[in-house]
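Notes to accompany the following structure.
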Amino acid sequence: MMRHITKPRLRTSALLGRISAPVAGATGSQVAWNSTSTPAVSAPFGPNAGVVTEEDRQHVFQPLAAQNKKSPMRRQATWLEALRSKPAPALNSAKSAAVGAATKKPEDVEEHAVQDRLAKDSFAYVVLPFKTDPWMLDSYIDSNGEGLRVGQLFQDLDALACVSAYRHCHPAKPAIVTASVDRVLLDPAVLPSFLDKSSVRNVSLSGTVTWTGRSSMEITVKVAAHDEELHRNSKLQFDDIKEENVFMVAHFTFVARNTKTNKSFPINRLVPQSKQELADFKRAENYNLYKRSIASKKDLRSKHPSEKESELIHLLWLNYEDQMEAPTLINPLRKSSETGVASEKVILMQDTTIESTALMQPQNRNIHSYMIFGGYLLRQTFDLAHACVVRLFPSVQPPVFNSLDSTTFKAPVPVGSILKLTATAVYGSKEKVQIRVDAVAVHAGTGESKHTGTFAYSFNVNTDVVILPKTYKEMMWYLEGRRKVLESENFHLHGTEESITQIEN
């Protein structure tokens, strides 16, 4: 007689999340996506203790925005199904991300007439009911218990932004690709603390399209704290997100591609309604023009540093020589317009580097089946950058994340490849340090290496610091880091003459 063997229950708090968004053409109060609740268990070893629902099994490794059946980020095939239907010899090629037979149907590439859309039409959100769900909070809380794991949030931010992008393109179904993360900014003054039970607050992530071009769009995702009671089935509307409660804002640029040809795909137009929506649209439009017009001008591989930057390089070289002459002393740096005052701490760039290596597994793939999800890469690169800065500044008050500065995904990372990450502190100014993380994907079959992106994370530290480069390469990294910090600080001015002048000088 065959005995039924019950597997141990898999307790994954992230499965308790919920995403909601309005149906096409509806307002934010009409919710179309509802997740299945985890079955209640009366006792740790009760009759349902070994039951894992089909919904649980499918989404253990997916971010919250991809867990629901109706989410456009939901995977359409298991990894084995994707492998069996993969067109040869496209294994590990970037093109397969757009033409995967297991994830796209012929009718998905049908182009529809471009239509006008409102910002609220793309509104989507995720509720994190931390006050009533301690196990969900357990999967997001950081090691000191004061704040949230930023890398974990990044993964959800990217997934939710992609949901908003797909909703804006409806009824067309192009392939949506994360082109860049233009900025993610954290406001520590609003960031809730969780160590004291009475201070625990609920959190929501909400995204909407804020600008559109012909085939590209900017998605803004806001992370807000809520004192009111929220649960997995709470309904949020477009106007429910109050600016005074927002502690993190992320700006993503997505591009739409034809799933058959991989060419650009025309998307619906965004029509701003309010003054704020118009201001956001203009700012994003200016920033997009800025990226196109100044990209070649600011590339240090094709254009030499500005006159002011050349003077700064010379000053850095003199400071390095001073440091080598008296390595046991903390030499005051020569005063300059860059630092204003002598630094309390001088760190050699060459002493800051740490690395990580990992095999990319299919559980972290994107909806196109063969490439790694961009949000997972953000999570991994942030965690290494965080480790790098904490190692450099050990303190009872650890460094606090400030911003993810302009970052571009240069190439996808294939499932099965080896991901090599290298983190280096490249710039310091006053009490801010920028960590650069370079990502390289190594093909497991051929050993071929490809640079897939450079990520720039800025942290606030409790001491004035200067990062001191030695080689010319390190000096170029220093200038790139400095430029990214200035870009982030002047994000609202991008596209104006004032912004371009500040960054070039």
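Quick look at the numbers
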read-out: Distance in nm between pseudo-label sites at residue 471 and residue 269 (7 Å out along the Cβ direction from Cα); value: 5.2 nm
read-out: Length gained when the stretch residue 289-residue 139 is fully extended (0.36 nm per residue, less Cα-Cα span); value: 50.1 nm
read-out: Karplus-derived 3J(HN,Hα), 6.51/-1.76/1.60, for each residue of the range 258-274, Hz, glycine and proline x; value: 5, 6, 9, 9, 6, 8, 4, 10, x, 10, 5, 8, 8, 10, x, 10, 9
read-out: DSSP-assigned coil residues among trypsin sites (Lys or Arg not before Pro) in the range 370-461, each with at most 14 further Cβ atoms within 10 Å; value: 410
read-out: Point-to-point label distance, residue 400-residue 451, nm (Cα→Cβ direction, 7 Å offset); value: 3.4 nm
read-out: Whether the range 109-296 is rounded, prolate or oblate, judged on the alpha carbon gyration tensor where a/c under 1.5 counts as rounded; value: prolate
read-out: Convex hull volume per residue in cubic angstrom - Cα atoms of the range 346-505; value: 133 Å³
read-out: Dipole axis of the range 109-296 (+1 Lys, Arg; -1 Asp, Glu on Cβ), positive-most option in 266, 194, 122; value: 266
read-out: Per-pair calculated FRET efficiency, R0 = 41 Å: residue 279 and residue 301 via Cβ, rounded to 0.05; value: 0.75
read-out: Charge dipole (debye, nearest 20) of the range 222-282; +1 at Cβ of Lys and Arg, -1 at Cβ of Asp and Glu; value: 740 debye
read-out: Above-threshold pairs, the threshold being 21 Å between Cα atoms, out of 242/430; 345/430; 303/420; 120/235; 298/410; value: 242/430; 303/420
read-out: Gain upon complete extension [residue 239, residue 260; 0.36 nm per residue less C-alpha separation]; value: 3.8 nm
read-out: Value of relative contact order over the range 109-296, rounded to a whole percent, pairs C-alpha under 8 Å and six or more apart; value: 30 percent
read-out: Cα shape, the range 242-286, gyration tensor, a/c 1.5 rule; value: prolate
read-out: FRET efficiency for residue 361 and residue 85, using Cβ-Cβ distance with R0 set to 22 Å, rounded to 0.05; value: 0.65
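Where a number appears in this text, it was derived from the coordinates with a stated rule and is not lab data. Everything quoted here is computed from the prediction, not taken from an experiment. Here the Cβ is made from the backbone with ideal geometry for all residues, glycine too, and neighbour counts use every protein chain on show.
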